[in-house]
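> Supplied in structure tokens, the structure appears directly below.
Read-outs throughout are calculated quantities, based only on the coordinates presented, and are distinct from any laboratory measurement. On a predicted model such as this, the values are computed, not experimentally measured, just so you know. Neighbour counts are summed over all protein chains in view; Cβ atoms, including those assigned to glycine, are modelled from backbone coordinates with ideal geometry.
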4 protein chains.
Amino acid sequence: MPGYGDNKEAVKVRLRRIEGQIRGLQRMVDEDAYCIDVLTQVSAATKALQSLSLVLMDDHLSHCVAEAAAEGGKVADQKIAEASAAIARLVKS
Amino acid sequence: MPGYGDNKEAVKVRLRRIEGQIRGLQRMVDEDAYCIDVLTQVSAATKALQSLSLVLMDDHLSHCVAEAAAEGGKVADQKIAEASAAIARLVKS
Amino acid sequence: MPGYGDNKEAVKVRLRRIEGQIRGLQRMVDEDAYCIDVLTQVSAATKALQSLSLVLMDDHLSHCVAEAAAEGGKVADQKIAEASAAIARLVKS
Amino acid sequence: MPGYGDNKEAVKVRLRRIEGQIRGLQRMVDEDAYCIDVLTQVSAATKALQSLSLVLMDDHLSHCVAEAAAEGGKVADQKIAEASAAIARLVKS
């Protein structure tokens, strides 16, 4: 089970909502909506994805990383290096 | 015609691709994909949205803002204040 | 005169405050402050720089870009391409 | 000893370099440097702070969080909640 196992439905609801935002953006562009209105919706979808990533990262640290760290050794080091790399991708995206 | 008028098809292609990424994420979560793999895809979708926002902003500055600035007066000031607010939302999202 | 000409003192005050934050960080590290406290201060300094960049960008659009756009022609196009590139650097940093 | 204990000198070198960037920015503003050149340097300093924050976070996860997780219990949960909150501040700054 992945770290987000207990939140799976909530994660899926968030993703469906984000999919709705992206479809809404396609309609706006189809209807020649004003640039700033499109940009505002792009910022909202970006924030929703960022917020989802923080939920997923918290779940990952609380479950996968915590369990690996409890076991210790090479697996623990590897999980933490992997989490740090994912945090770097989030911060830079 | 909005600032992205000449790039409308390209903007729609980008949005369809991002919609595909979000649907892909829903499948990954359904299949209990590993947290880090999900997070990597969330970062990729976030970067794609960010990149789209930069295209839209460049189009907006090149057309809507440039035209308003050429006219000058209150409309110009207003368009620039509006663009600055949108830039702030992008930088903070 | 640069776009921030009228705000020069305010920009300098902000930069001095950020310099103070960076020196404060050096003291914290010297005194072996707790990682999370150091990270909180790094986030605060990052936000202060980001906020300064939005002020500078607004001044630049309101003055340099607006004036170039009013003149039109190649200079206008160039100023807008240059502003878009700077916005991209801000969004990605 | 904080998580960055083994990297303390490297962290201090990075902070001194960032302090130098901020002082350089003050000189640029004093000399009425062109907005875009100032903005480029602000982006560079922001990136340097962001990069430092990723080093500090990796050290924190590798030491403080890993040790707390190995012990388990409430302290582990608390350390992970605290790290998640710090990651959220980084992603949003």
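> If you plug each phi of segment C:56-67 into the Karplus form 6.51 cos²θ - 1.76 cosθ + 1.60 with θ = phi - 60°, what whole-Hz ³J(HN,Hα) values come out, in order, with x for Gly and Pro?
So the J values, rounded to whole Hz, are 5, 5, 4, 4, 5, 5, 5, 10, 4, 5, 4, 5.
> Moving on to the next point. What are the ³J(HN,Hα) values, in whole Hz, obtained from phi via the Karplus relation 6.51 cos²θ - 1.76 cosθ + 1.60 with θ = phi - 60°, for each residue of segment C:7-24 in sequence order, with x given for Gly and Pro?
10, 3, 5, 4, 5, 5, 4, 4, 5, 5, 5, 5, 4, x, 5, 5, 5, x
> If you place +1 on the Cβ of every Lys and Arg and -1 on the Cβ of every Asp and Glu, how big does the dipole about the Cα centre of the protein assembly as shown come out, in debye to the nearest 20?
In total the dipole reaches around 0 debye.
> In whole Hz, with x marking every Gly and Pro, tabulate ³J(HN,Hα) for segment C:25-37 from phi via Karplus 6.51 cos²θ - 1.76 cosθ + 1.60, θ = phi - 60°.
4, 5, 4, 4, 5, 4, 8, 6, 4, 5, 2, 5, 5
> Evaluate peptide B:61-71: per residue, the Cβ atoms of other protein chains within 10 Å of its Cβ; return the mean as an integer.
Partner Cβ neighbours, averaged per residue: 6.
> Now for a separate question. How large is the convex hull of the Cα atoms of the protein assembly as shown per residue, expressed in Å³ as a whole number?
Numbers: hull volume 48.1 nm³, N = 372.
With only Cα atoms used, the protein assembly as shown gives 129 Å³ per residue.
> Let me ask something additional. So, in chain D, how many Lys pairs have Cα atoms under 22 Å apart, if the pair is 8 or more places apart or on different chains?
5
> Can you give the local net charge around C:ARG16? Use residues other than it whose beta-carbon is closer than 13 angstrom to its beta-carbon, Lys and Arg +1, Asp and Glu -1. Write out the running numbers ahead of the final one.
Numbers: positive: C:LYS8, C:LYS12, C:ARG14, C:ARG17, C:ARG23, D:ARG23, D:ARG27; negative: C:GLU9, C:GLU19, D:GLU19, D:ASP30.
Charge balance near C:ARG16 sits at +3.
> Okay, next question. Under the convention of a label 7 Å out along Cα→Cβ, give the distances in nm from C:LYS92 to the same position in every other copy, shortest first.
With the label placed 7 Å along Cα→Cβ, C:LYS92 yields 1.1, 2.4, 2.6 nm.
> Given the C-alpha atoms of segment A:40-93, compute the convex hull and give its volume per residue in Å³.
49 Å³
> Can you tell me which of A:LEU61, A:LEU39, A:LEU52 moves the most in a GNM of chain A? Springs connect C-alpha atoms under 10 Å apart.
Of the options given, A:LEU39 has the highest mean-square fluctuation.
> Let me have the relative contact order for chain B, percent, based on Cα pairs under 8 Å that are six or more residues apart.
Relative contact order for chain B comes out at 32 percent.
> Separate question: With Cβ to Cβ distances under 11 Å as the rule, what net charge do the other residues near B:ALA68 carry (K, R +1; D, E -1)?
My count for the surroundings of B:ALA68 gives -2.
> To the nearest 10 degrees, how steeply does helix C:73-92 sit against the main Cα axis of chain C, on a 0 to 90 scale?
20 degrees
> I need the peptides B:69-78, A:22-31 ranked by packing, meaning the mean over residues of other C-beta atoms within 10 angstrom, with the highest value on top. Display every interim value, and only then the final one.
Values: B:69-78: 14.2, A:22-31: 15.9.
With the highest mean Cβ count within 10 Å placed first, the list reads A:22-31, B:69-78.
> For chain C, list log₁₀ I(q)/I(0) at each q in 0.14, 0.15, 0.19 Å⁻¹, using the Debye formula over Cα point scatterers of equal strength and ignoring solvent, two decimals each.
Each listed q corresponds, in turn, to -0.64, -0.70, -0.91.
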